Amino acid sequence: MDVGGTWIVATKEDQAADLGVEFDVPKQFRRGTLLKNQKASVDSAVKTIEMTARELGAADLSNTTVLDIGCGVKFTQAFYGRRVPVKR
């Protein structure tokens, strides 16, 4: 893939780490220590969202408006790709 004049080549390991990801995001837009493994990254976002809901005393965030101001995409991948409940 050509990204701004730079070719990004996905290895077999990279491709395997992207399997099972419902909302695929190109590597150059990912952030964090798990950027090479989308599935693990999204799994960690889901766990963080679940923990946040518990801390708020809720089963999920379906009645909660959330503003994600992070620099990465894993929470968006969780909300949209995994259909994690959120009000908006």
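Here are the numbers for the structure shown:
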{"quantity": "Dipole magnitude (debye, nearest 20) for the stretch 9-81, charges at Cβ of Lys, Arg, Asp, Glu", "calculated": "240"}
{"quantity": "Radius 10 Å from Cβ of T64, net charge of other residues (Lys, Arg +1; Asp, Glu -1)", "calculated": "+1"}
{"quantity": "Computed Rg/Rh of the stretch 16-81, alpha carbon atoms with Kirkwood Rh", "calculated": "0.98"}
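No value in this document is a laboratory result; all are computed from the given coordinates. These numbers were taken from a predicted model, which means no experiment stands behind them. Note that we place each Cβ from the backbone using ideal geometry, even for glycine, and neighbour counts take in every protein chain shown.
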